[in-house]
Structure formats: C-alpha cells, structure tokens
Amino acid sequence: MSIATNEALERHGLHSDEIGDEGSWYSAAELDDAYVAGRTADPTEAEIEAVARVFFGNLHYPSASLDWDKASDYVKDNWRLRARIALNAARKAVME
C-alpha cells in the first residue's frame with residue numbers, strides 16, 4: 001500500500017486489509033476526498049516536532065553536534081516555527 005492510500009484509509013478508520021474486495025463500502029471518490037483532507041490538514045504537533053529536530057540537527061551548526069534536549073526553549077521554539085512554516089508551505093503546494 002502506498003502512503004497516499006494509507007492516509008486515505010486512516011481518514012475512514014480503516015486498514016489496508018479492509019479494502020480491495022468486491023464488498024468494499026468505500027468508493028475511490030471517498031478515498032480521494034479523504035486523502036485530500038489529510039494532505040491539506042494543518043500539521044500535527046508531532047510532525048512539527050519531528051521536522052524541528054531534523055532542522056536543528058542538520059542546519060543548526062551541524063558540526064557542533066548540539067543536543068536538542070539540551071537546547072534552550074527559545075532555540076527549540078525558533079526551529080518549531082520554521083518547521084511549521086515549511087510543513088504549511090508543502091501542504092499548500094499540494095493544492096496548486
């Protein structure tokens with residue numbers, strides 16, 4: 001299953017083993033609508049945190065090997081803001 005299909009199924013509270021039969025209750029249009037809703041939804045706090053950590057680790061003086069958990073709240077909030085902006089930009093691009 002692709003990420004797209006899994007996202008669409010999750011919107012319906014389903015798993016990949018519940019589709020594909022002739023008895024499936026969900027049409028392709030319903031799954032497409034669910035996928036679009038998922039791809040254009042606001043980023044979750046977990047996504048923002050994950051991206052902020054990657055940005056911090058790769059862009060914030062990567063040679064200094066700084067530890068996210070030891071960074072100040074100000075530094076973390078700055079990277080979370082950048083992550084939120086990046087994720088929102090990516091989601092908006094999906095609809096162009």
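Using 7 Å Cα-to-Cβ label points, what is the Lys76/Ala93 separation (nm, one decimal)?
2.8 nm
How far apart, in nm, are two points set 7 Å out from the Cα along the Cα-to-Cβ line at Glu30 and at Ala86?
Here the modelled spin labels are 3.7 nm apart.
What ranking do Leu87, Leu66 get, fewest neighbouring Cβ atoms within 10 angstrom at the top? Show your work: numbers first, answer last.
Values: Leu87 18, Leu66 14.
Exposure proxy ranking, most exposed first: Leu66, Leu87.
Based only on other Cβ atoms within 10 Å, what is the fewest-to-most ordering of Lys70, Lys92, Lys76?
On the way: Lys70 7, Lys92 10, Lys76 16.
Sorted ascending by nearby Cβ count, the order is Lys70, Lys92, Lys76.
How much length is gained if the chain between Glu10 and Phe55 is pulled fully straight, taking 0.36 nm per residue apart and subtracting their Cα-Cα distance, in nm to one decimal? Each step should come with its number before you reach the end.
On the way: separation 45, 0.36 × 45 = 16.20 nm, distance 2.76 nm.
Extending this stretch completely gives an extra 13.4 nm.
No lab work stands behind these numbers, since they all come straight from the coordinates. The structure presented is a predicted model; accordingly, all values stated were derived computationally and were not measured. We place every Cβ from the backbone using ideal geometry, glycine too, and count neighbours over all the protein chains shown.
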